[in-house]
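Notes follow the structure.
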Amino acid sequence: MDLKQLQYFVACAQTGSFSDAAKILYSTQPSVSKVIKSLEDTLGMQLFERLPRGIRLTVQGQKVYHYACRITNEIDVLENMASRGMTKWIRISMNPSSWFANQFVDFYNETFEKNYHFQLTTAGVRSVMERVRDYMDDIGFVYILSHQQENFLHELAKNKMEFVPMYETDVIFYPGRQTEFYDSGKERVQLEELKGSRFIQNYQDEFFDIGSVQENAFQWKDLDISVLTNSDYIMEKMLKNSKVSNVSGSYLSENKTGTTPGIPLELGDNKVIFGYVFHKGEKMDDSVEEFLTFLKGRLPKS
């Protein structure tokens with residue numbers, strides 16, 4: 001087994017196609033197929049199911065993929081170290097958040113002389129979890145609803161990961177300026193009142209709806225989400241100039257502060273929980289710990 005085989009394997013797993021992987025690897029489909037067959041022979045197991053259109057990881061292949069990602073990502077880190085000396089890289093994935101973006105800018109400026117280098121990726125909850133699980137990132141920051149926390153923790157435990165809550169905030173309905181709710185004077189909004197409304201959300205996260213949920217609990221399928229985006233700029237423009245609204249947390253939604261007044265959404269004792277995921281039992285790098293300490297200092301006291 002060699003590194004080239006693992007790199008080809010990861011590319012095939014991520015693209016779901018030998019031909020697409022060949023384009024990324026600047027190779028040919030027959031060559032890629034040959035490398036994968038050689039890896040399968042070496043390991044003594046089938047890694048992919050060959051489908052009429054594309055390929056799919058087998059159960060064994062999924063297990064191998066997790067280890068292969070870890071190895072190839074660590075190689076990338078070593079290559080960065082070789083090209084830049086002992087540069088410290090901090091790899092972070094997160095749900096889109098203007099509040100988080102502002103904190104990151106401040107942290108970068110505060111630690112400028114330490115010459116930290118960063119890789120930042122915005123994604124949905126499941127993608128953040130998978131990126132941390134596969135060692136593509138050192139830490140991941142997510143927002144979940146409290147009634148789904150138990151299911152989320154169960155999913156993390158299966159992957160030997162942990163979730164640490166950092167802050168809880170109310171669930172807030174942000175009406176667009178062209179909606180009937182804007183400047184309505186309402187102090188609270190019931191979920192039933194939102195029928196017929198259209199929404200713009202950062203991501204329709206799977207973890208809000210997985211597993212068994214309480215009766216009458218909030219679920220994304222109850223909303224007509226007409227726009228999904230990871231752009232706070234698009235979010236701001238749409239809320240200012242269209243008939244879409246948004247549901248998210250209060251304190252951690254700064255991109256909407258100057259756009260529209262938020263109205264608490266009546267969901268019982270439900271809260272939006274902000275926190276981070278990481279590998280259970282593994283020591284964090286000092287630079288990641290430093291960033292966590294900085295973030296905690298920026299959150300309001302409970």
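The values are calculated or read from the model by the stated rules, or taken from the named source; none is laboratory data. Here the structure is a predicted model, which means the values were calculated and not measured. Note that each Cβ is placed from the backbone with ideal geometry, even for glycine, and that neighbours are counted across all protein chains shown. These accessible areas exclude ligands, DNA and RNA; they are computed on the full protein's heavy atoms, side chains included. Shrake-Rupley method; radii C 1.70, N 1.55, O 1.52, S 1.80 Å.
Solvent-accessible area per residue in the chain equals 53 Å², computed with a 1.4 angstrom probe and all protein chains kept.
Name the shape class, rounded, prolate or oblate, that the alpha-carbon gyration tensor gives for the chain, where a ≥ b ≥ c are the square roots of its eigenvalues, rounded holds for a/c under 1.5, and otherwise prolate holds if a/b is larger than b/c and oblate otherwise. Numbers along the way, then the final one.
Numbers: a/c = 2.10, a/b = 1.58, b/c = 1.33.
Prolate shape, in that a/c is at least 1.5 and a/b is the bigger ratio.
Here r is the Cβ-Cβ distance between Thr293 and Tyr233 and R0 is 41 Å; the resulting FRET efficiency, rounded to 0.05, is 0.90. Please go through the residue pairs Lys186/Lys296; Lys23/Lys63; Lys63/Lys296; Lys37/Lys63 and name each one whose alpha carbons sit more than 27 Å apart in this structure. Over 27 Å apart, Cα to Cα: Lys186/Lys296; Lys63/Lys296. Note on the chain: with neighbouring protein chains present and a 1.4 Å probe, carbon and sulfur make up 48 percent of its accessible heavy-atom surface.
Among rounded, prolate and oblate, which fits segment 7-72 when a ≥ b ≥ c are the square roots of the eigenvalues of its C-alpha gyration tensor, a/c under 1.5 means rounded, and a/b larger than b/c means prolate? All intermediate terms of the calculation are to be shown ahead of the outcome.
Values: a/c = 1.42, a/b = 1.26, b/c = 1.13.
Rounded shape, in that the Cα axes give a/c under 1.5.
If R0 equals 30 Å, the separation of the Cβ atoms of Ile75 and Thr28 corresponds to a calculated FRET efficiency of about 0.80.
Please report the antiparallel percentage of DSSP beta bridges with both residues in the chain, rounded to the nearest 5. Walk me through the numbers before you get to the answer.
Values: 23 of 41 bridges.
In the chain, approximately 55 percent of DSSP beta bridges are antiparallel ones.
Length gained on full extension, Thr121 to Lys283, computed as 0.36 nm times the residue gap minus the Cα-Cα distance: 56.1 nm. In a reduced charge model with +1 at each Lys and Arg Cβ and -1 at each Asp and Glu Cβ, the chain shows a dipole moment near 820 debye about its Cα centre.
List the relative contact order of the chain as a percent without decimals, with contacts defined as Cα pairs under 8 Å and 6+ residues apart. Present the calculation step by step, with values, prior to reporting the outcome.
On the way: 478 pairs, mean separation 64.0, N = 302.
It rounds to 21 percent for the chain.
Projecting the Cα atoms of Leu51, Leu78, Phe104 onto the dipole axis of segment 1-107, where Lys and Arg carry +1 and Asp and Glu carry -1 at the beta carbon, places Leu51 farthest toward the positive end.
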